[in-house]
1. Can you confirm whether region 426-434 contains a residue that is among the acidic types (Asp, Glu), within 24 Å of the chain's Cα centre (by Cα) and in a loop (DSSP other than H, G, I, E, B)?
2. Would you confirm whether any residue within region 297-308 is of a type in the set (Asp, Glu), in contact with a helix residue (DSSP H, G or I) (Cβ under 9 Å, 6 or more places away or on another chain) and surrounded by fewer than 24 Cβ atoms within 10 Å (Cβ to Cβ)?
3. Which strands (runs of 3 or more DSSP E) sit wholly inside region 254-333 and have at least 3 residues that are modelled with pLDDT of 95 or more?
4. Any residue at all in region 475-483 that's touching a strand residue (DSSP E or B) at 6+ places or on another chain (Cβ under 6 Å) and at pLDDT 90 or above?
5. How many residues does region 355-369 hold that are assigned to a loop (DSSP other than H, G, I, E, B) and under 8 Å from Gly337 (Cβ atoms)?
6. Which of the residues spanning region 361-388 are closer than 16 Å to Gly291 by Cα and surrounded by fewer than 23 Cβ atoms within 10 Å (Cβ to Cβ)?
7. Can you pull out the residues in region 334-351 that are assigned to a strand (DSSP E or B), among the aromatic types (Phe, Trp, Tyr) and crowded, with 24+ Cβ neighbours inside 10 Å?
8. Farther than 27 Å from Gly391 by Cβ, in contact with a strand residue (DSSP E or B) (Cβ under 8 Å, 6 or more places away or on another chain) and modelled with pLDDT of 90 or more, is that true of Phe498?
Amino acid sequence: MAAASPGSHTGKELFDLSVQFAMNRVQSAHQVLARQLSLLYNIEEAGPRRSPTGMDDCLELLTDTLRHLSNVMATDHTDPTTPDDIRTWLSAALTSQGTCLDSLDGGLATERDAVAALAKNLTHFISNSLALYEHTGATTNERLVTQTKKSKYPAGGHRKLLSDGRFPSWVTAGDRKLLEASPEELGERLVVAQDGTGTHATVADAIAFASLAASPGGGRSVIHVTAGTYNENLKIPGGSNILLVGDGKGKTVITGHKNVQDGSTTFGSATLAATGDGVMIRDMTIENTAGPAKHQAVALLVKSDKAVIYRCAIVGYQDTLYTHSSRQFYRDTDIYGTVDFIFGNSAAVFQNCNIFVRRPGSDQKNYVTAQGRSDPNQNTGISIQACRIQGTSDLAPVKRKNPTFLGRPWQKYARTVVMQSFLDDAVDPAGWASWAGGSNSRTLYYGEYMNSGPGAGTGGRVRWPGVHPAMSVAEATGFTVAEFIGGTSWLPSTGVEFSSGLGV
């Protein structure tokens, strides 16, 4: 039988073929890199083991990419709840290739170049899949879903968005109870205590135990980390379904000091990396104490889909919070930093958070955000809503010498909005800054909507085509919890009415 011509394929078939092609290439790249790492480690057995800079990161990110693309292939494309999932998985897969390339920057050319070539090729293939999804109508009912969103839920109307006023619709009733419960009300749980009274003495041991005990479709593992300072670098792995609960900001403290200056990659420097989907963290401080002289030093990295960070403090200087990829929600959380201290390429919403700008190095400027959207079809960005952006007391004497900007575009299609928030006078009148040597002013999207405070005036804002100092209600609604990280595909049948996303 003759092969079908390209024109005989439907949009969905072309999309599926493109994803399968990308998956095959990811699998090949994973095998090549695993062999390469194994060979390097075998060569070094006689001496101290040295992780080739960035290559371990790339292997982890390729594993993530395989999972995301497998999710796409396994999804029922006729289900109206799938479009946001598919965009999220493809966006995350694309982000992972960029992170691999970033991590390889400091490596030896002999180790770096072959892996970098693989990552660049994968970027092209995954970007093609994402473009096909957006432009060929890969889902049979995509138009119907879009029409439903527009007609059934007009801006400013009432809709069943959230179970209450605090969490996205995809946070289940059971998880909401866990997020609000006292430690005594958490039920069966693992307890980390440094005095030996718990089930584990370190957070790492508790996470490892919970991960081994986790089963597909099983319940959530609750780990109560009692008051104390835990000097640990942690990773919450995939499939673990963990809720990490502390005794409060400043009481339960997880601390680390890895940084780029001392040989880590930015991706590998995190004190805590939340990798597994559905991770929830509440009532603790996560910090990186490396300091401004050490440059990039991540306190918290999140690439967990549908992650919730609640009532936490995230403390660092440059690159404090790495909102790497997928859907994330931050509520009642304090974030401290200097340069690019909320960065990454997730779809992240911050509500009712305190964003504290610290005193940077003597020759540095402060940038609250550095969003990393690299492809116009990615459904990613940073939305800061009903928050406070303010300088710490040590910034006050140098706030003119070391100005603070709301953000700068890490990648070409950076997207960040600040809405209904208080901005103090540490914020420079220009509002936004360019990336060094960059020319992204036409392709970025920077928006502001109904902010207040001495730093909220938009008269002096930069006049770039991509800057929107007075967003409309319709534009701002697109960056609310419901529309940006929730939407109709995640509405639960809770029966609880809530005003639309701008009614904070």
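The values are calculated or read from the model by the stated rules, or taken from the named source; none is laboratory data. Please read all numbers here as calculations on a predicted model, not as lab measurements. Virtual Cβ from ideal backbone geometry, glycine too; neighbours counted across all protein chains shown.
1. Step one: of region 426-434, the residues among the acidic types (Asp, Glu) are 428.
Still in the running and within 24 Å of the chain's Cα centre (by Cα): none.
Within region 426-434 (the criterion being among the acidic types (Asp, Glu), within 24 Å of the chain's Cα centre (by Cα) and in a loop (DSSP other than H, G, I, E, B)), the answer is no, since none of the residues qualifies.
2. So in region 297-308, the residues of a type in the set (Asp, Glu) come out as 305.
Next cut, in contact with a helix residue (DSSP H, G or I) (Cβ under 9 Å, 6 or more places away or on another chain) only: 305.
Subsequent filtering for residues that are surrounded by fewer than 24 Cβ atoms within 10 Å (Cβ to Cβ) retains 305.
Checked region 297-308: at least one residue is of a type in the set (Asp, Glu), in contact with a helix residue (DSSP H, G or I) (Cβ under 9 Å, 6 or more places away or on another chain) and surrounded by fewer than 24 Cβ atoms within 10 Å (Cβ to Cβ).
3. On the way: elements: 272-274, 280-282, 285-288, 300-302, 307-310, 313-315, 321-323, 327-331.
Answer list for region 254-333: 272-274, 285-288, 300-302, 313-315, 321-323.
4. Here is the first cut: in region 475-483, the residues touching a strand residue (DSSP E or B) at 6+ places or on another chain (Cβ under 6 Å) are 476, 479, 481.
Retained after the next criterion (residues that are at pLDDT 90 or above): 476, 479.
Within region 475-483, one or more residues are touching a strand residue (DSSP E or B) at 6+ places or on another chain (Cβ under 6 Å) and at pLDDT 90 or above.
5. Step one: filter region 355-369 for residues assigned to a loop (DSSP other than H, G, I, E, B), giving 358-365.
Of the ones still in play, those that are also under 8 Å from Gly337 (Cβ atoms) are 358.
Selection size over region 355-369: 1.
6. Gly361, Ser362, Asp363, Gln364, Lys365
7. Narrowing region 334-351 to residues assigned to a strand (DSSP E or B): 334-337, 342-344, 347-351.
Add one more test, that the residue is among the aromatic types (Phe, Trp, Tyr), and what stays is 336, 343, 350.
Result: Phe343, Phe350.
8. Working: farther than 27 Å from Gly391 by Cβ: yes; in contact with a strand residue (DSSP E or B) (Cβ under 8 Å, 6 or more places away or on another chain): yes; modelled with pLDDT of 90 or more: no.
The answer is no for Phe498.
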